[in-house]
Amino acid sequence: MLSRTAASLYWVGRYMERAENLARILEVGYRMSQMPDLEAGGTRNEWPSSAVAAACEDGLIEKHGEANLDTVLSYIALDPENPSSIHACLETARTNARAVRTAVTSEMWESLNDTWLEFNGQWRKSLKKDNLLSFLDWVKTRSTIFRGAMSGTMLRDEPYAFINVGTFIERTENTARILDVKFHVLLPQGESIGGSVDYYQWATVLRSVSALGSYHWVYRDAIKPWQVAELLILKKEMPRSLVYTLSQVSYYLNQIGDGHGRRYDSQRLAGKLHSELDFSKVDDIFQDGLHEYLDKFLVRNNKLGVAIAEDFHFYL
Amino acid sequence: MSESPTPTENTPPAFFDEMVQLGGEPRKGMEQLASWMVEAPRDMLKIRQTEAENLFRRIGITFAVYGEGGDPERLIPFDIVPRILLASEWAFMSRGLEQRVKALNMFLHDVYHDRNIIRAGVIPENLVLQNKAYLPEMRGVTVPGGVYTHIAGIDLVRTGAEEFYVLEDNTRTPSGVSYMLQNREVMMRLFPEMFNSHQVAPVERYPEDLLASLKTVAPPTCEGDPTVVVLSPGLYNSAYYEHTFLADKMGIELVEGQDLFVKDNTVFMRTTQGPERVDVIYKRLDDDFIDPLAFRADSSLGVPGLMNVYRSGGVTITNAVGGGIADDKAIYMYVPDMIKFYLDEEPILKNVPTYWCARDDDYKYVLDHLEELVVKEVAGSGGYGMLVGPASTKEEREAYALRIKADPAEFIAQPTLSLSTCPTFVADGYAPRHVDLRPFVLVGADKVRLVPGGLTRVAMRAGSLVVNSSQGGGTKDTWILEDSLNLGGANA
């Protein structure tokens, strides 16, 4: 297939996934900010940590001075100039799909086009603090519909592999970031690790990746940080865990490589990253600290993205 | 004011109506549609009209006109009342179309080779050789099957029951076929019951016919199944939707200039696996832009070196480079002569009488009768730069006369034809609106292929004769009724 088409499909996958994950990150922020702050006599402002998780902190601070509900809404949800806003993701996903209309099915295109038209026609004007949660639900639903259209209608060929590589590499990055939010959220003074606020925060992280139910099912235990980390990093059965998403990146890269009758650098990198996780224990992860671990992981995942772009000539 | 399907003061009975006879009775074959139109509740039709618009918006069938402000993803108005043609009418038209495209292709081969038609004195030499659309780069180039115009869009108008005229031949990059196909899709979704009561000839096979036709003109060097691609200028072209639509329906790559490159006298496309050879390019951009080394050096849409490969037969470009000479408005006057010259046949479809200001008698006549004539620039297209005499003011005519005097050879004029009308659903009900028809004729090295129908364009404003989509015209689904279709006719 055309390199330009492959690149566009890869980015369609990434941007739709990113939009969904931004919604998930904002949901964590929103729920955490509803925790009472006994000292201040009000609620807590956890928006800076959301901005960090969304990789939008610098841009937001530069443009709005501080992260709070209003500025996060306008910068992360609505700002067309922030290339990582939900607005930009939905628009870019649609533009990329439009540039390669022949490579996506009409159901996929219609789902992206509808999403953009609804966003541009309604949400863009009506999104306020009080309908934020409905909006975030809407974003997740739209991403789900797109994925459903894709899984139900697309030929299992090279275009399908590229869109999945994009989807899963983006999801890998975002799960790592969402998990890292917890590091940036400080426990209020007087609250202990393992206390009720800590508990609530971990539960929120789980909830944001739709894993709270799974957690209970897998562990039949109270929420414990190392188990949350284990679930989201090492559990193969978890569709958003790092080990699962990397297995998918690796799987689809191998499909492409096999189809081409050769082996690419990106295949090697993805395979290595995946098998390291596959053979890790949660103790290994906590040895240097979860945050440090995730930091290093994000750097390696980013390198994988660069290798993919080089292997398949995404830059013409 | 409520308008009925019968002609009103806007359209004196002088206009032939596609559905309604003088006196208000439906024409033969149109009875069912006419009674359906009367019975269908207006509210329901309005809802369906809105649904149709939503469908077009949703599917993304848009027609962009950039640089004019307004909505960059504009919808072309769609009318829910279909235009019906009887099988006998279609059989007549298709015979005429086939004859015409054959002659046009023979003309193109001739002017780039022996120029017999010029030497015989049928067409003035200057009109061809001095023409901007005549490309010296194409002299002596042999194209597969002798086909230059692989896809022709011939604009037809009707003035009476048996009066069909060719208004224009489009032999470069005719567009609109995606609307023909999508109009049908939308009609079938909105009014399935109408298709139960009418035997409408299907048009869906067009993309297959197109691909089959394109494969027949693969270069002789091509071994095995030819690789065919659609070459588009990209997202910002007004017909981009159509480019994607056709590539998709044919299951072939939609490429842009940046995706192609030339090496070892062969055209390749850049794929994730490296270079892949390309045999046939269905080109949807103007000749000027296809190769910065041969034509416009500032073109970033083209492929450097493409012309060299093309000229030496390493790749086929459709429609052929230099084919524009056949749809030049001055050359148009000579198409009936071409048919006689090359085929030794009488033209089946008529030309509109045309005055060319380069000829002294015509020049005088045109300047004296501006009020009655439609004057067009020879090099113009899309309805731009026209003077519609009867609708013009004195000032406009005077200004236009100055332009004609400055360069008479650049202008032709035609009488304002009494274009047929077709009942159209407007705000207050049905009203007659003028229509034309663009059938799409596919010419392969083996045969001519033609799906029954075409794109009916409709002037949405009362009284207007301008149907171009760039001028606010709309479209209708076009039905050829099978019940009386003479099978084994021109389509076989």
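The values are calculated or read from the model by the stated rules, or taken from the named source; none is laboratory data. None of these values were measured; they are calculated from a predicted model. Quick reminder, even Gly has a Cβ in these numbers, built from the backbone with ideal geometry, and neighbours come from all protein chains shown. Remember, those area values only see protein heavy atoms, side chains included, never the ligands or the DNA or RNA. Shrake-Rupley method; radii C 1.70, N 1.55, O 1.52, S 1.80 Å.
General remarks:
- 3 or more residues under 27 Å from residue B:19 (Cβ atoms): qualifying strands (runs of 3 or more DSSP E) within the range B:343-446: B:421-426, B:429-438
- Taking the range A:171-202 as the range and being at pLDDT 85 or above and more than 17 Å from residue A:290 (Cβ to Cβ) as the test, only A:171 passes.
- Count of the range A:57-78 residues, restricted to those that are in contact (Cβ under 8 Å) with a residue 12 or more places away in the chain, closer than 22 Å to residue A:125 by Cα and not β-branched (Val, Ile, Thr), is 10.
- Failed item, numbered, when residue A:130 is tested on (1) away from chain B (no Cβ under 13 Å); (2) touching a helix residue (DSSP H, G or I) at 6+ places or on another chain (Cβ under 6 Å): (2)
- When A:241, A:275, A:247 are checked against the criterion of being of a type in the set (Ser, Thr, Tyr) and over 21 Å from residue A:10 (Cα atoms), A:275 stands alone in meeting it.
- Of the listed requirements (1) closer than 23 Å to residue B:60 by Cα; (2) within 8 Å of chain A (Cβ to nearest Cβ); (3) of a type in the set (D, E, K, R), residue B:259 misses just one: (1).
- Any hit, the range B:319-330, residues being touching a residue at least 60 places away in the same chain (Cβ under 8 Å), assigned to a loop (DSSP other than H, G, I, E, B) and open to solvent by 70 Å² or more (accessible area, probe 1.4 Å): no
- Condition check for residue A:169: of a type outside the set (Gly, Ala, Ser), more than 30 Å from residue A:2 (Cα to Cα) and more than 14 Å from every other protein chain (Cβ to nearest Cβ): no
- Exactly one residue among A:7, A:55 is closer than 19 Å to residue A:168 by Cβ and touching a Lys or Arg at 6+ places or on another chain (Cβ under 9 Å), and that residue is A:55.
- Just one of the numbered conditions (1) free of Cβ contacts under 8 Å to residues at least 24 places away in the same chain; (2) among the small types (Gly, Ala, Ser); (3) open to solvent by less than 20 Å² (accessible area, probe 1.4 Å) is not true of residue A:307: (1).
- Taking each residue of the range A:214-225 that is in a helix (DSSP H, G or I) and looking for partners that are aromatic (Phe, Trp, Tyr) and surrounded by 11 or more Cβ atoms within 10 Å (Cβ to Cβ) with beta-carbon atoms closer than 8 Å, six or more apart or interchain, yields A:225/A:202.
- Residue among B:363, B:384, B:342, B:310 that alone is out of contact with any Lys or Arg (no Cβ under 6 Å at 6 or more places or on another chain), under 30 Å from residue B:257 (Cβ atoms) and surrounded by fewer than 21 Cβ atoms within 10 Å (Cβ to Cβ): B:384
- Breaking point among (1) touching a residue at least 40 places away in the same chain (Cβ under 8 Å); (2) in a helix (DSSP H, G or I), for residue B:126: (1)
Yes/no matrix, rows are residues, columns are (1) touching an Asp or Glu at 6+ places or on another chain (Cβ under 7 Å); (2) of a type in the set (Asp, Glu); (3) in contact (Cβ under 8 Å) with a residue 24 or more places away in the chain; (4) surrounded by fewer than 20 Cβ atoms within 10 Å (Cβ to Cβ):
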position: B:85; (1), (2), (3), (4): no, no, yes, no
position: B:92; (1), (2), (3), (4): no, no, yes, yes
position: B:113; (1), (2), (3), (4): no, no, yes, yes
position: B:131; (1), (2), (3), (4): yes, no, yes, yes
position: B:137; (1), (2), (3), (4): no, yes, yes, yes
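- Members of the range A:257-286 found to be closer than 22 Å to residue B:276 by Cβ and either open to solvent by less than 40 Å² (accessible area, probe 1.4 Å) or among the small types (Gly, Ala, Ser) (or both), listed by number: A:257, A:259, A:260, A:261, A:264, A:266, A:267
- Of the residues B:284, B:296, the single one that is modelled with pLDDT under 90 and either open to solvent by less than 40 Å² (accessible area, probe 1.4 Å) or more than 14 Å from chain A (Cβ to nearest Cβ) (or both) is B:296.
- Pick from the range A:107-127, criterion open to solvent by 30 Å² or more (accessible area, probe 1.4 Å) and touching a residue at least 40 places away in the same chain (Cβ under 8 Å), ranking: farthest from residue B:254 (Cα to Cα): A:124
- Among (1) of a type in the set (S, T, N, Q); (2) surrounded by fewer than 21 Cβ atoms within 10 Å (Cβ to Cβ); (3) over 22 Å from residue A:27 (Cβ atoms) - the single one residue A:96 does not satisfy: (2)
- Considering the range B:173-280, the qualifying strands (runs of 3 or more DSSP E), each wholly inside and each with 2 or more residues that are open to solvent by less than 70 Å² (accessible area, probe 1.4 Å) and without any contact (Cβ under 8 Å) to a residue 40 or more places away in the chain, run over B:253-255, B:266-271.
- Residue match in the range B:263-277 (condition: closer than 20 Å to residue B:142 by Cα, under 26 Å from the mean Cα position of the chain (by Cα) and away from every other protein chain (no Cβ under 14 Å)): no
- Qualifying residue in the range A:287-294 (condition: part of a loop (DSSP other than H, G, I, E, B), open to solvent by 30 Å² or more (accessible area, probe 1.4 Å) and within 14 Å of another protein chain (Cβ to nearest Cβ)): no
- The criterion of at least 2 residues that are at pLDDT 90 or above, more than 30 Å from residue B:141 (Cβ to Cβ) and of a type in the set (Lys, Arg) is met, among helices (runs of 4 or more DSSP H) falling completely within the range B:23-120, by B:42-59.
- Note on the range A:135-166: among residues that are within 14 Å of another protein chain (Cβ to nearest Cβ) and of a type in the set (Phe, Trp, Tyr), the one that is nearest to residue A:10 (Cα to Cα) is A:162.
- Residue within the range B:469-483 that is open to solvent by less than 20 Å² (accessible area, probe 1.4 Å), in contact with a strand residue (DSSP E or B) (Cβ under 6 Å, 6 or more places away or on another chain) and at pLDDT below 90 present: yes
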